[in-house]
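Engineer: Okay, handing you the structure first.
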Amino acid sequence: MKATDNTTTGPGWNFDNSYARLPDYLYTRLDPTPVRAPQMAIFNSSLSDALGLATNTLAGDEGVAIFSGNRIPEGAQPICQAYAGHQFGYFTMLGDGRAHLLGEHITPTGQRFDIQLKGSGRTPFSRSGDGRAVLGPMLREYIISEAMHALGISTTRSLAVVTTGEPVYRETPLPGAILTRVAASHIRVGTFEYLAAQGNRDGIRTLAEYTIHRHFPELLQADNPFLALLQTVLEKQVELVVRWLHVGFIHGVMNTDNMALCGESIDYGPCAFMDSYDPDTVFSSIDQDGRYAFARQPAMAQWNVTRFAETLLPVLHDEGEKAVELANRSLATFPDIFQRLRMDGMRAKLGLFTKEDADMSLMQDLLTCMQQNQADYTNTLRDLALETLPDTPFFREPSFTAWHQRWQTRLTRQEEPVEASRALMRAHNPAFIPRNHRVEEALAAAQERHDFTVLEKLLEVLSRPYDDQPEHAEYRQPPPPSEKPYQTFCGT
Ligand SMILES: Nc1ncnc2c1ncn2[C@@H]1O[C@H](COP(=O)(O)OP(=O)(O)OP(=O)(O)O)[C@@H](O)[C@H]1O
Ligand SMILES: [Mg+2]
């Protein structure tokens with residue numbers, strides 16, 4: 001049935017809550033805390049349609065009631081998930097301190113998605129927190145997650161943001177908000193670490209079996225499905241982090257509790273996109289040592305997968321030593337898989353259909369040249385696909401023109417016409433990313449003036465990142481020079 005036909009037939013949820021049927025040490029059953037005066041800030045109609053929900057119904061009061069946690073939709077069984085995590089290298093017991101999983105919605109095509117409220121009230125995992133979230137950061141998660149989806153990167157998505165009508169006290173009172181997040185699941189490396197920390201071996205086996213059934217049922221055929229799970233999770237993480245590198249994305253808080261086993265990017269706290277190319281870029285105010293700097297992300301993903309492997313040791317093999325050997329053999333594949341995917345991606349970004357040994361240095365030399373000249377990462381790569389390069393100082397730079405000559409010669413050594421290379425490049429080098437100053441501008445308009453038109457226009461441009469959209473050329477502009485480097489903040 002089309003969403004538009006659904007106005008009188010209810011919101012269209014189809015819940016089947018498999019996680020809530022797992023042993024109860026994995027979660028606490030708890031409803032969200034109702035809020036005073038909720039209002040819809042933004043609703044994602046196209047995602048709602050794609051999920052087979054009744055978009056017209058959810059865009060109105062019914063949606064406001066559900067997305068604020070004031071009404072539990074039929075079939076939902078709210079739970080808060082237990083998890084732990086290594087935060088900046090240090091182990092902590094955590095859990096959903098400000099989130100409630102309403103349940104798993106099954107789409108008309110049979111896909112299963114977690115529907116989770118974030119900012120929905122205190123839980124047994126809240127520690128000293130208030131269980132709430134602020135409008136700005138929730139809108140930020142909405143913008144970036146939807147931009148990532150449009151860029152073709154595996155990600156959780158955002159169905160709605162509602163304001164709560166209640167202030168949230170940080171340094172000053174700020175407008176409270178709740179995000180409705182849609183995810184393949186919320187099983188984190190930290191969920192396994194939570195069980196491992198309690199010595200719950202049966203729990204590890206149960207959760208690993210559940211993860212395989214839910215996300216990778218084909219692994220049930222493997223000789224050792226748990227080893228296959230480790231390898232698959234590893235490969236998904238490599239793929240994800242390579243995709244991040246290729247669009248200049250910096251996650252900012254790659255703690256093990258922010259790594260989902262399904263391979264989706266999750267938790268858009270202090271993340272941001274890089275403007276001028278610098279592998280040491282860090283935006284997060286709390287990442288003082290640059291642990292999660294742009295170019296350190298692959299190493300950090302590997303570190304996180306290693307923590308996951310440790311939790312699986314009891315189920316990998318009955319003998320401890322053999323289990324360690326199996327885990328190590330799997331973990332050792334990370335660097336080669338990374339190099340392969342990284343090179344495949346960079347070749348596509350440079351319009352190369354064939355492989356040559358010197359491609360690695362061709363890629364590296366361009367990046368070095370961009371770094372030395374503080375060239376804009378996104379625009380430089382996108383402009384390389386143009387027939388005539390724009391007349392900018394960077395493209396006139398002798399180190400660049402020398403590189404350009406090498407690249408042109410390389411292109412002539414493949415059979416594909418130059419037009420095919422350009423099309424390949426346009427499909428792999430976005431014209432539009434959520435530029436930090438544009439995101440801030442949209443958030444300021446929404447928060448300070450209740451004007452959501454700036455945000456909506458930004459979202460529209462970001463929904464087609466690989467199209468030229470010459471009418472929106474201003475969204476490609478890097479930020480004007482400023483005295484202070486851009487900083488992001490988390491935990492708000
Ligand atoms: N205001 C708050 N009240 C209670 N708990 C909080 C609050 N803010 C964060 N937490 C909890 O602190 C932990 C770390 O926070 P972090 O910022 O990584 O996650 P998050 O953004 O809340 O959620 P997620 O990882 O689900 O996107 C999480 O367990 C989170 O639930
Ligand atoms: Mg988190």
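No lab work stands behind these numbers, since they all come straight from the coordinates. If you're wondering where the values come from, they're calculated on a predicted model, not measured in any experiment. Methodologically, a virtual Cβ is constructed for each residue, glycine included, from the backbone with ideal geometry; neighbour enumeration extends over all protein chains shown.
Engineer: Viscosity 1.567 mPa s, temperature 4 °C: Stokes-Einstein D of the stretch 147-216 from its Kirkwood Cα radius, in µm² per second?
Structural biologist: 84
Engineer: How do F67, F91 line up, fewest other C-beta atoms within 10 Å first?
Structural biologist: So the residues, fewest neighbours to most, are F91, F67.
Engineer: Let me ask something additional. What shape does the chain have by the C-alpha gyration tensor, where a ≥ b ≥ c are the square roots of the eigenvalues, rounded means a/c under 1.5, and otherwise prolate means a/b greater than b/c and oblate the rest? If you can, show how the numbers build up before the last one.
Structural biologist: Details: a/c = 1.73, a/b = 1.23, b/c = 1.41.
Oblate.
Engineer: Equivalent ellipsoid semi-axes for the stretch 210-265, as square roots of 5 times the alpha carbon gyration tensor eigenvalues: give them largest first, rounded to whole Å.
Structural biologist: 25, 11, 8
Engineer: Taking neighbour Cβ counts within 10 Å as the exposure measure, how do H450, H404 sort from fewest upward?
Structural biologist: H450, H404
Engineer: In the stretch 3-185, what is the volume of the convex hull around the alpha carbon atoms, normalised per residue and reported in Å³?
Structural biologist: Considering the Cα atoms of the stretch 3-185, their hull volume per residue is 124 Å³.
Engineer: Sticking with this structure for a sec: Suppose only helical runs count, i.e. DSSP H with n ≥ 4. What mean residue ellipticity at 222 nm does that imply for the chain under -39500 (n - 2.57) per run, divided by all residues and rounded to the nearest 500 deg cm²/dmol?
Structural biologist: -13000 deg cm²/dmol
Engineer: Still on this structure: Could you go through the stretch 125-134 in sequence order and give the Karplus-derived ³J(HN,Hα) for each residue, using 6.51 cos²θ - 1.76 cosθ + 1.60 with θ = phi - 60°, rounded to whole Hz, and x for Gly and Pro?
Structural biologist: Whole-Hz 3J(HN,Hα) from phi for the stretch 125-134: 9, 6, 6, 8, x, 8, x, 10, 9, 9.
Engineer: Work out the length of the dipole vector of the chain about its Cα centre, built from +1 on the beta-carbon of each Lys and Arg and -1 on the beta-carbon of each Asp and Glu, and round it to the nearest 20 debye.
Structural biologist: Computed charge dipole of the chain: roughly 440 debye.
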